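The values are calculated or read from the model by the stated rules, or taken from the named source; none is laboratory data. In this text, all values refer to a predicted model and were calculated from it rather than measured experimentally. Heads up, the Cβs are rebuilt from the backbone with ideal geometry, glycines too, and the neighbour counts pull from every protein chain shown.
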Amino acid sequence: MVRSLKAKKAHAFLLEISKKMQHDSFYEFMQNTDIISIESRVNKSLSLKYFLIKTIIGQQVSVKAAESIWLKVKTILDNASSDISLDLLKEQGLSKPKALYIQGIIQDKKIKLLDKTALKKLSTEELSNFLLSLKGIGPWTLGVVRMFYIQDSDVFLEGDLGINKALEIFFNSKKYTGEDYSPYKTYLCLYLWKSLKS
């Protein structure tokens, strides 16, 4: 389903570049797939704190397990009247390291002050420096925040397992970084993920 003019432009651009660069199998896929948008993947109701916690929970676990743990943790966050203990977080199915990372995010005063508008005003370097200074947040999580929280259309999620799998199918290399598809690398990732489900 078409969600925005930007999604249409991105789809047309990816088609044009894949043809020009002779990425034949990707071009064929793009010809036969529906237009998708970043907006369709964004949960606008989540604060930065909740988004970061949900993303950390989703690292290296199955989607089903992550969703189950997230719902339990969210219930605690929604109803907490005081500090949330490490033990309480671990009881929801979190490993000790993840529980520590999440506790750190809960207690971080700066995160509470930042909303989407404030984040969009930061340069890529400023945003990277701030998020990567938080324990539990690495380049992959930073990329996810840029893609699905502030809706940056030009992010390539290096190291993502699904992306790597699709890169081997379409580009015969896990090392391809999608630069040919700038300024729509986020859309490139969306279509690469989608290709694995079709």
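For the range 149-172, give me each residue that is touching a Leu at 6+ places or on another chain (Cβ under 8 Å) and either more than 19 Å from MET30 (Cα to Cα) or among the aromatic types (Phe, Trp, Tyr) (or both). Give the steps one after another, and end with the answer.
So in the range 149-172, the residues touching a Leu at 6+ places or on another chain (Cβ under 8 Å) come out as 149-150, 156, 162-163, 165-167, 170.
If the condition is that a residue be touching a Leu at 6+ places or on another chain (Cβ under 8 Å) and either more than 19 Å from MET30 (Cα to Cα) or among the aromatic types (Phe, Trp, Tyr) (or both), then TYR149, ILE150, PHE156, PHE170 are the ones that fit.
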Requested in this report: Go through the range 132-153 residue by residue and tally those that are free of Cβ contacts under 8 Å to residues at least 40 places away in the same chain, over 19 Å from SER182 (Cβ atoms) and outside any loop (DSSP other than H, G, I, E, B).
Outcome: 1
Query raised in the report: What are the residue pairs meeting all of these: first residue in the range 174-198, first residue within 8 Å of VAL155 (Cα to Cα), second residue acidic (Asp, Glu) and modelled with pLDDT of 95 or more, Cβ atoms under 6 Å, and 6 or more apart or on different chains?
Result: LYS185/ASP154
Report summary line: Here the residues within the range 10-36 that are touching a residue at least 40 places away in the same chain (Cβ under 8 Å) and within 26 Å of ILE150 (Cβ to Cβ) are ALA10, HIS11, PHE13, LEU14, ILE17, MET30, THR33, ILE36
Report task. Search the range 68-117 for residues being of a type in the set (S, T, N, Q) and more than 21 Å from ILE137 (Cβ to Cβ), and hand back the single one that is surrounded by the most Cβ atoms within 10 Å (Cβ to Cβ). Result -> SER68
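In the range 157-178, what residues are aromatic (Phe, Trp, Tyr) and either loosely packed, with under 13 Cβ neighbours inside 10 Å or out of contact with any Phe, Trp or Tyr (no Cβ under 8 Å at 6 or more places or on another chain) (or both)?
Of the range 157-178, the ones aromatic (Phe, Trp, Tyr) are 170-171, 176.
Once the filter is applied, which keeps residues that are aromatic (Phe, Trp, Tyr) and either loosely packed, with under 13 Cβ neighbours inside 10 Å or out of contact with any Phe, Trp or Tyr (no Cβ under 8 Å at 6 or more places or on another chain) (or both), the range 157-178 yields only TYR176.
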